Amino acid sequence: MHFYVATLFPEQVSGYINTSITGRAIDNGAISLDCIQMRDYAPNSYGRVDDTIYGGGTGMMIRCEPVYGACKKAYEMAGHKVHTVYMSPKGSVFNEDKAKELASREDLLIICGHYEGIDERVIREVSDEEISIGDYVLTGGETAAIVVIDAVSRLVEGVLPNEEAYTNESHMEGALEAPQYTKPPVWNGREVPGILKNGNDALIKEYNRAASLYDTWKARPDMLDKLDLTEEEWKKVLAFKKGL
Ligand code: ADE
């Protein structure tokens, strides 16, 4: 999968994505990244991309031309109009379903705002959707773009070692992942639950399902509502709670 990012701070995005798991995915060709510097498309020779806001808002806005120029460059590089996302606190909130949907595409262009954001006209012109990573405001869209690229990349074939690595995770099956443990079996007086050490796969699976539902119930009851648990499953969650 190929990612294009239109940004004023390409090193912020490439620095992160070129590191660790996503960096290895770039090396093995599972994903690729082109950051396009919007300043290269400034409508003046000195590279100024922002200006004051009509109607008297405070701060500066990114003008249409640099954003449009960077997007056109991405479409030219791809040879077609690429699905274009604008990272914005006004967008729909990103989640695993959206990550799956984006991961099914061959490429994606992400536009990052900065300062007071981007002139609305160019967003209307090029963007197919606006995505927020949560109900708070960041200094720029770059960190949000990194979140989206990271979450989408791990669903792309060849990025993680096997399918299990991403299906047994929080949010994949509508619930949070059960707690997991590694060596030693006792640390600081805290023991790994005995059932996880007894080698009985069926019991371990049942225990992990109850632990997962219990943790979801505690931390994200809204998610549990959507799962519509059977009476049997509720009993297991309650039994799990008593066993703690
Ligand atoms: N830019 C600024 N804040 C943002 C947010 N919460 N999500 C996506 N992009 C943003």
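Every number in this text was worked out from the coordinates using simple rules, so none of it is lab data. Here the structure is a predicted model, which means the values were calculated and not measured. Ideal geometry is used to build each Cβ from the backbone, glycine not excepted, and the neighbour counts take in all protein chains shown.
Key figures
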| quantity | calculated |
| --- | --- |
| Shape of the range 5-99, Cα gyration tensor, a/c cut at 1.5 | prolate |
| Percentage relative contact order, the range 174-242, counting C-alpha pairs under 8 Å, at least six apart | 41 percent |
| At most 16 other Cβ within 10 Å, DSSP loop - chymotrypsin sites (Phe, Trp or Tyr not before Pro), the range 156-244 | 181 |
| The chain, Cα convex hull volume normalised per residue, Å³ | 177 Å³ |
| Dipole of the chain, positive direction: furthest Cα of 122, 141, 230, with charges on the beta-carbon | 230 |
| Cα long-axis angle, helix 142-153 against the chain (0 to 90 degrees, to the nearest 10) | 50 degrees |
| Helix 201-219 axis, angle to the chain major axis (alpha carbon atoms, nearest 10°) | 60 degrees |
| DSSP loop GluC sites (Glu not before Pro) with at most 16 other Cβ within 10 Å excluded, longest remaining stretch of the chain | 1-105 |
| Net charge of neighbours whose Cβ lies under 13 Å from the Cβ of residue 61, counting Lys and Arg as +1 and Asp and Glu as -1 | -3 |
| Alpha-carbon centroid distance for the pair the range 194-214 / the range 108-162, whole angstrom | 37 Å |
| DSSP-loop trypsin sites (Lys or Arg not before Pro) across the range 1-75, with at most 15 other Cβ within 10 angstrom | 48 |
| Theoretical FRET efficiency, 1/(1+(r/R0)^6), r = Cβ-Cβ of residue 97 and residue 53, R0 45 Å, to 0.05 | 0.85 |
| Å³ per residue enclosed by the Cα convex hull of the range 174-242 | 99 Å³ |
| Helix 64-78 vs. the chain, principal-axis angle (Cα, 0 to 90°, nearest 10) | 70 degrees |
| Estimated FRET transfer efficiency (residue 190, residue 45; beta-carbon r; R0 51 Å; 0.05) | 0.20 |
| DSSP-loop chymotrypsin sites (Phe, Trp or Tyr not before Pro) across the range 86-137, with at most 16 other Cβ within 10 angstrom | 115, 136 |
| Residue 200 paired with residue 182, simple spin-label distance in nm, labels 7 Å along Cα-to-beta-carbon | 2.8 nm |
| DSSP bridge pairs, the chain: antiparallel proportion in percent, nearest 5 | 20 percent |
